[in-house]
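Below you'll find the structure, written out as structure tokens, and then a few comments.
Nothing in this text is a laboratory measurement; each read-out follows from the coordinates by a stated rule. Keep in mind that this is a model prediction, so the values were computed, not measured. In this analysis, Cβ positions are derived from the backbone assuming ideal geometry, glycine residues included, and neighbour counts consider all displayed protein chains.
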Amino acid sequence: MANLSTFEQYYKLADMLIETATKEQVAESTRLLALNLAYYQAKYREIPLKDTLPMANMAEPTEAQVKLVADGMQNLVGVLGNVCGVLDEAKH
């Protein structure tokens with residue numbers, strides 16, 4: 001699965017960013033991601049946590065689930081990178 005490799009790369013990059021980020025930068029990233037989620041929920045619908053939480057520990061994900069998790073990691077890396085000043089352009 002190509003997306004699994006993408007997910008793993010974003011996951012490692014997110015870990016590196018989290019390790020170097022200050023507590024305030026992680027908090028700001030969390031607030032921005034919460035705002036993005038709230039915007040999505042207001043525009044489309046609420047996403048029950050019971051629908052997404054199991055994906056965090058799935059043993060054999062489908063390609064669609066891997067893509068979704070990889071996209072989530074990409075969002076995290078984008079927000080952390082912007083807040084930490086690592087990325088030049090906002091993409092969250």
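Multiplying the sequence separation of A38 and N57 by 0.36 nm and subtracting their Cα-Cα distance, what value in nm do you get?
4.5 nm
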Q. Can you give the charge dipole size of the chain about its Cα centre, rounded to the nearest 20 debye, using +1 on the beta carbon of Lys and Arg and -1 on the beta carbon of Asp and Glu?
A. 280
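Over the chain, what relative contact order in percent results from Cα pairs under 8 Å that are six or more residues apart?
Relative contact order here is 51 percent.
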Q. Which loop-located chymotrypsin sites (Phe, Trp or Tyr not before Pro) does region 32-92 contain, where loop means any DSSP state but H, G, I, E or B and the Cβ has at most 15 other Cβ atoms within 10 Å?
A. Y44
Q: Could you work out the longest stretch of the chain that avoids the GluC sites (Glu not before Pro) located in DSSP loops with at most 11 other Cβ atoms within 10 Å?
A: 1-45
Q: For the chain, run through the trypsin sites (Lys or Arg not before Pro) and keep only the ones in DSSP coil with at most 10 other Cβ atoms within 10 Å of their Cβ.
A: R45
Q. Of (i) 0.94; (ii) 1.13; (iii) 0.98, which is the value of Rg/Rh (Cα atoms, Kirkwood Rh) derived from the coordinates here?
A. (iii)
